[in-house]
Structure formats: C-alpha cells, structure tokens
Amino acid sequence: MKNGIDISHWNRIINFDKIAKQIDFCIIKAGGSDKGFYRDSTFLRNYQCLHDERGIPCGAYYYVGRNCITKEAGENDAHRFIDILADMSFEYPVYIDLESTSPKHKEGATIATIAFCETMEKAGYYTGIYASDVSGFVDRLELSKLDRYDKWVARYGSEPKRVKEFGMWQKTSSGMIEGIAGRVDLDVAYMDYPAIMKRTGLNNVR
C-alpha cells in the first residue's frame, strides 16, 4: 500500500521539496472538457517539479464535462488527453474523471467512458476511471459494465462500499500536508503500479 496525493491548479502554493518527502506518488490534473477544452495551467510545472526533478512516481487525470455522454465525445476527450500527455511517462495510471454528467445520461456516460478508456488503451496507456463511490459509479455510470477497468474511487470517512474492486481510494479532500497551503486530496494505492508499468511498458515507461 502506498500513500499519495492528487493536485491541480487549485493547489496554488506548493513547496515541492517538502511534499516529496511525504508522499509515495502523485496524480496530477492534466486538463479537461468541463470549461471548454484546456490543459491545466499547472500540469507541466507539477509534473516537471515532482516527476522529473524529484523522481516522484506520477499519474494523471482528465476531467470530462457534462457533454461526455456519447461514444464520439469519449473518443474525442481521450485524443485531447493523449495530446496533453505526449512525450511524458507515468508510473501510475491515467484516469478519466467523471463527475459532471447528469444522472439521467447514465447510459451515455457509460458508453463515453468505455470509448475513452478503449482509445487510451489503444494508444498504450494503462487507463482507469475516477468517480465517487455512489454519486459517480452508482448514480452516473452503469457499474456492471465497467468490470474490466481499474477504478480510483472517492469515498470520505471509510473505504468504498458500493465499488467492490478498486486499485486506488481517495480517502479525503481535506488532507493537510507540509508544503501545500490549504487542503489537499489524499489517496491510497493498493496495487504496485510502477512495477506494472515497468513490466508492460505502458504509459511510456521503459
């Protein structure tokens, strides 16, 4: 079991030397489609400071917007994610982050999520799905159709209850660690992802 954090532009002030001594890994927001199509403004800085300069194993996530409810939308978001990740390597999975779709589009969001993951996998990425235990995987997705995909599950206060198999748990959004001003998401990884990437060569790890 490894302990890590996930960060984005919301974590404005970061002392990378301090946090590097406290974490085993970091999942970094790469971009999204919830406010147009964008690269997170701190993605490259966070990756370079943690991964390249301090050797912290990293993963990445892409936050899809409310219109990611068709096969085409899922594929298009995946291609944008691939473009953002070009020439970078990740020892942890790269994730679709699904939070903004409407529960009434549950079937469409599931179709889009599968299309996203399949597109990423064809490009050589170990891809997983991030969502909350209930409002994501139960209310917004058809969980039974996602068995083959690794999952990063958010549930605060206790481990996930509805999602039975998962590789990573986001246990709080209110964590505090030295080196980050304000709250930060804390995560636990149950799988040896760096070993998986090294063995398979996925995520551009060689």
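Expressed as a rounded percentage, what relative contact order does the chain have, with Cα pairs under 8 Å and six or more residues apart? Let's see the in-between values first.
Working: 451 pairs, mean separation 47.5, N = 206.
Relative contact order comes out at 23 percent.
Once neighbouring chains are kept in place and the probe is 1.4 Å, which whole percent of the accessible area of the chain is contributed by carbon and sulfur? Show your work: numbers first, answer last.
Working: 4530 of 9620 Å².
Accessible surface attributable to carbon and sulfur in the chain totals 47 percent.
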Review point. Each residue of the range 172-188 in turn: what ³J(HN,Hα) in whole Hz from Karplus with 6.51, -1.76, 1.60 and θ = phi - 60°, glycine and Pro shown as x?
Key: 6, 9, 10, x, 10, 9, 5, x, 10, 7, x, 7, 9, 6, 10, 10, 10
Check your understanding: Okay, which of the range 82-96 sit inside 19 Å, backbone N to the point 7 Å along the Cα-Cβ direction of Asp52?
Key -> 82-92
Study note, to complete from the structure: Among beta bridges assigned by DSSP with both residues in the range 57-206, the antiparallel ones amount in percent, to the nearest 5, to 25 percent
Review point. Using θ = phi - 60° and the Karplus form 6.51 cos²θ - 1.76 cosθ + 1.60, what ³J(HN,Hα) does each residue of the range 118-133 get, whole Hz, x for Gly and Pro?
Key: 5, 5, 5, 5, 4, 8, x, 10, 7, 10, x, 10, 9, 6, 7, 4
Revision key, fill the gap. Helix 71-85 sits off the longest principal axis of the Cα atoms of the chain, rounded to the nearest 10 on a 0 to 90 degree scale, by 20 degrees
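Kirkwood Rh and Cα-based Rg: tell me the resulting Rg over Rh for the range 66-203, rounded to two decimals.
On the way: Rg = 15.1 Å, Rh = 15.6 Å.
When Rh is taken as the Kirkwood radius, the ratio is 0.97.
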Check your understanding: In a GNM of the chain with a 10 Å cut-off on Cα contacts, which of Tyr63, Tyr149, Tyr47 has the highest mean-square fluctuation?
Key -> Tyr149
**Study point:** For Thr42, residues with placed amide H under 5 Å, excluding near neighbours
**Key:** His9
Practice item. Identify, among Asn67, Gly31, Val94, the residue whose Cα sits farthest towards the positive end of the charge dipole of the range 31-128, taking +1 on the Cβ of Lys and Arg and -1 on the Cβ of Asp and Glu, with the dipole about the Cα centre. Key: Asn67
Check your understanding: Given the pairs Lys29/Lys71; Lys145/Lys171; Lys21/Lys145; Lys21/Lys198; Lys122/Lys198; Lys35/Lys161, which span a C-alpha to C-alpha distance of over 28 angstrom in this model?
Key -> Lys21/Lys145; Lys35/Lys161
Review point. Nearest-5 percent of antiparallel DSSP beta bridges in the range 10-72?
Key: 20 percent
Exercise for review: Please give, to one decimal in nm, the separation of the simple spin-label points placed at Arg183 and Ser135, each 7 Å out from Cα toward the Cβ.
Suggested key: 1.2 nm
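Full-extension gain between Met176 and Lys122, please, as 0.36 nm times their residue separation minus the C-alpha to C-alpha distance.
Working: separation 54, 0.36 × 54 = 19.44 nm, distance 3.73 nm.
Once the chain is fully extended between Met176 and Lys122, it gains 15.7 nm.
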Revision key, fill the gap. Over the chain, with neighbouring protein chains present, the accessible area per residue in Å² at probe 1.4 Å is 47 Å²
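Please list Trp10, Trp169, Trp152 in order of solvent-accessible area, largest first, computed with a 1.4 Å probe with all protein chains present.
Values: Trp10 165, Trp169 30, Trp152 5 Å².
Descending accessible area places them as Trp10, Trp169, Trp152.
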Review point. Using alpha carbon centroids, what distance separates the range 1-64 and the range 153-206, in Å?
Key: 12 Å
Revision key, fill the gap. The answer for Ile27, listing residues at least 5 apart or on another chain whose modeled amide H is closer than 5 Å to its amide H, is Ile5, Asp6, Ile7, Gly59
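Rounded to the nearest 20 debye, what is the charge dipole size of the chain about its Cα centre when +1 sits on each Lys and Arg Cβ and -1 on each Asp and Glu Cβ?
Computed charge dipole of the chain: roughly 260 debye.
The values are calculated or read from the model by the stated rules, or taken from the named source; none is laboratory data. These figures come from a predicted structure and were not determined experimentally. Methodologically, a virtual Cβ is constructed for each residue, glycine included, from the backbone with ideal geometry; neighbour enumeration extends over all protein chains shown. For the accessible areas, the whole protein counts, side chains as well, though only heavy atoms, and no ligand, DNA or RNA atoms are used. Shrake-Rupley method; radii C 1.70, N 1.55, O 1.52, S 1.80 Å.
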